[in-house]
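These notes concern the structure reproduced below.
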Amino acid sequence: MKGYNDFNSVEEFREYYHLSSPITESKKDENDTSKEGKVINDDKLPVKYANLEGKVENIFKHIIVFTNDRDPKDNKTLKNILECVEECKKAGTIVPEVHIFVAAKMVVDDNEENITLDDGTEKFSINKESNIDTLIFSRLGVQGEDQCEHIVQLLQDRGFLVLNPIRYSELASDKYQSAILFEKGNIPQPNFALMTKEILYDEERYNEAMQNVYPEWDAKDNDKNEKLEFVIKILDGHGGTGVSLANGKRILAILQTIFAIDPERQLLLQKKEEADGGDIRVHVLTLRNKQVILAAMKRIKIKSDFRSNVSLGASAEPVKLTPEQEQIALRTAQLSKLPWCAVDIMPLVKGSNPKIGDNVVLEINASPGTQGISDVMKDNFISILISELNDPSEFMLQDKIAGFVESVDIDFGNNVKKQFLAKLDTGNSARACTLEVGEYNIENEKVTFSVDGKKLTFDVVDKMIIATNNPENDEEDDEAKKARRTRPIIEVSELTLGLRKVKNPRIAIVKNRSGKSTNLLLNRDILSKLGYVVHPNNSHMLTKEMQKVKII
């Protein structure tokens, strides 16, 4: 997959990655240079905070955790997960089974029906019905294990919600790729440049990079650069490690030393902005149609150190976000395509950089710790996160290619299930899918029809009026024409395509789809919920071939 620097614009990035919700571009006032790079309020994203008052709610039967340490005394996130389970017991909600696997010891047995995970201590088999009730925690530190990464890819391919997906985690943990993404998405950040050994020893490229960070960089008189402070970061550092400061007069010698030790190392150089006391970490949940600010804390920088990482000993306290900080956090999280991330925002000394504004984003974290934020909230962060993941149809699943015709199973409820031949239509923006059911009767806003001889009755939850290519009957009045084109919409229990399913999908019923080659037409919304991208020429890529079911 591409890196962010391979795209010319955010629009191109959105199209390539099939972003389901629009990323609203910030607007600029061409006559006001002080607003350059700012997030402007004219195009706000809706702001919603997680409910911290209610009891924990949970829809997951299984939680799978890939980790390097299964001891909750040392693994704080695992400790929070296990405490969440105990809260579920007290709250009377579904109590999930937690399956903990040490990544370095993982083996997998994969066939068409089951994935069996085993690390010698824990063993768990996942069947094809599990994708809507199983949550995967895959910490960034374990995804470097080749076998674990392969297993997580298998689980993503099956349609499980993984926190967080491998590819987007990799991009977020690369500080240069993140900086490129922020630049394309108009997210305020410090001036930056990539530094490599090749750039360092190319005088023209070196000075160009330094001037990208500080336009006033003097390529001829190095003494004039002494007051310019640079932040030097390794691209894959976390927890504040691999970050240092250097002034412009000494930075060349420091960079030469680094590249002498590791010629392949890549570094990010940033302008050191004037921080107003520390930085703010904002945890954001981003789903298909909603975003939630889960929690936020301000990290007070360590005395005599410019870093403010809690893992290095900095303290943290609750913080109330400004409207600008809310918008920055939401936009950054949306751009990252990470379901759960932490956005690190640094408030600036007011007026210190009018071109940027009052805040800059330092980085996005695809594997944030949970103990520090839980301590600040005085609540279990994992319980808050789990409670907000309450609708599987909102999960953003890894894209998977399906044929333009596939076999689909519908669970109508009352132990009635049937398989139909379906056309997958990405151009269909109708409110519901369409299914032929034969003769049906509507009375008192209820619709009745039979499936394999068993009579079923559903509430009419909505109605859909369809356009038709057939000539209108001139003898009918307008009401009759409207009635003939109206489709009652019902809600069935489940729809399954391949190894992915949707709970409670809405389906418009029709007596017959005469002249059509399939019984069922799947609309764009259902395909998006399933995470399928449709191949325009091939059919039955996920399911066995079948003929259209004879309904009439």
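FYI, it's all coordinate maths here, none of it is from the lab. Since the structure is predicted, the reported quantities are computational estimates derived from the model, not experimental observations. For neighbour counting, all protein chains shown are included, and Cβ atoms are generated from backbone atoms with ideal geometry for every residue, glycine included.
Only beta bridges with both residues in the stretch 400-534 are counted; by DSSP, about 75 percent of them are antiparallel. Relative contact order for the stretch 42-109: 43 percent, from Cα pairs under 8 Å spaced at least 6 residues apart, divided by residue count. Secondary structure note: in the chain, about 75% of the DSSP beta bridges are antiparallel. Note: relative contact order over the stretch 400-534, using C-alpha pairs below 8 Å and six or more positions apart, is 37 percent. For the stretch 245-305, the set of trypsin sites (Lys or Arg not before Pro) satisfying both a DSSP loop assignment and a count of at most 12 other C-beta atoms within 10 Å is given as Lys303. Hull volume per residue, based on the alpha-carbon atoms of the chain and their convex hull, is 200 Å³. Using a cut-off of under 19 Å, list every residue of the stretch 98-123 whose amide N is near the label point 7 Å from the Cα of Asn68 along the Cα-to-beta-carbon line. It comes to 100-107, 119, nothing else. In a Debye calculation with equal point scatterers on the alpha-carbon sites of the stretch 409-472 and no solvent, what is log10 I(q)/I(0) at q = 0.17 Å⁻¹? Scattering profile of the stretch 409-472, log10 relative to I(0): -0.80. By the Kirkwood approach, averaging reciprocal distances over each pair of separate Cα atoms, the stretch 400-534 gets a hydrodynamic radius of 15.6 Å. Between Thr322 and Arg524, the FRET efficiency estimated from the beta carbon spacing at R0 = 41 angstrom works out to 0.65.
For Thr518, Thr257, what ranking results if the residue with the fewest other Cβ atoms within 10 Å of its Cβ goes first?
Sorted ascending by nearby Cβ count, the order is Thr257, Thr518.
If a paramagnetic tag sat 7 Å from the Cα of Asp462 along the Cα-Cβ line, which residues of the stretch 417-434 would have the backbone N under 14 Å from that point? Label zone hits: 429-434.
Shape analysis of the stretch 159-216 based on the Cα gyration tensor places the equivalent ellipsoid semi-axes at 30, 15, 6 Å, largest first. Tell me the angle of helix 146-158 to the major Cα principal axis of the chain, expressed in degrees between 0 and 90 and rounded to the nearest ten. Taking Cα atoms only, the helix is inclined about 40 degrees. Other residues within the sphere of radius under 13 Å centred on the Cβ of Arg250, judged by their own Cβ, net out at -1 (K and R +1, D and E -1). Counting beta carbons within 10 Å around each of Trp217, Trp340 and listing the fewest first gives the order Trp217, Trp340.
Sum up the charges of everything whose Cβ sits under 12 Å from the Cβ of Glu122, counting Lys and Arg as +1 and Asp and Glu as -1, but leave Glu122 out. With Lys, Arg at +1 and Asp, Glu at -1, the net is 0. Each Lys or Arg adds one and each Asp or Glu takes one away; over the other residues whose Cβ falls under 15 Å from the Cβ of Leu200, this sums to -3. Structural descriptor for the chain: relative contact order 15 percent, calculated from alpha carbon pairs under 8 angstrom and at least 6 residues apart.
Positive end of the dipole of the chain (Cβ unit charges, origin at the Cα centre): among Phe137, Ile386, Val460, the Cα lying farthest that way belongs to Val460.
For the stretch 278-298 versus the stretch 201-225, the spacing of their alpha-carbon centroids is 37 Å. Nearest 10 degrees, 0 to 90: what angle lies between the long axis of helix 76-91 and the longest principal axis of the chain (Cα atoms)? Here the helix axis deviates by roughly 40 degrees. Amide H contacts of Val56 (H built 1.01 Å from N, in plane; Pro and chain starts excluded): no residue 5 or more places away or on another chain comes under 5 Å. Taking other C-beta atoms within 10 angstrom as a stand-in for reagent exposure, Arg487, Arg331 fall in the order Arg487, Arg331, fewest first. Kirkwood analysis of the Cα pair distances in the stretch 191-271 returns a hydrodynamic radius of 12.6 Å.
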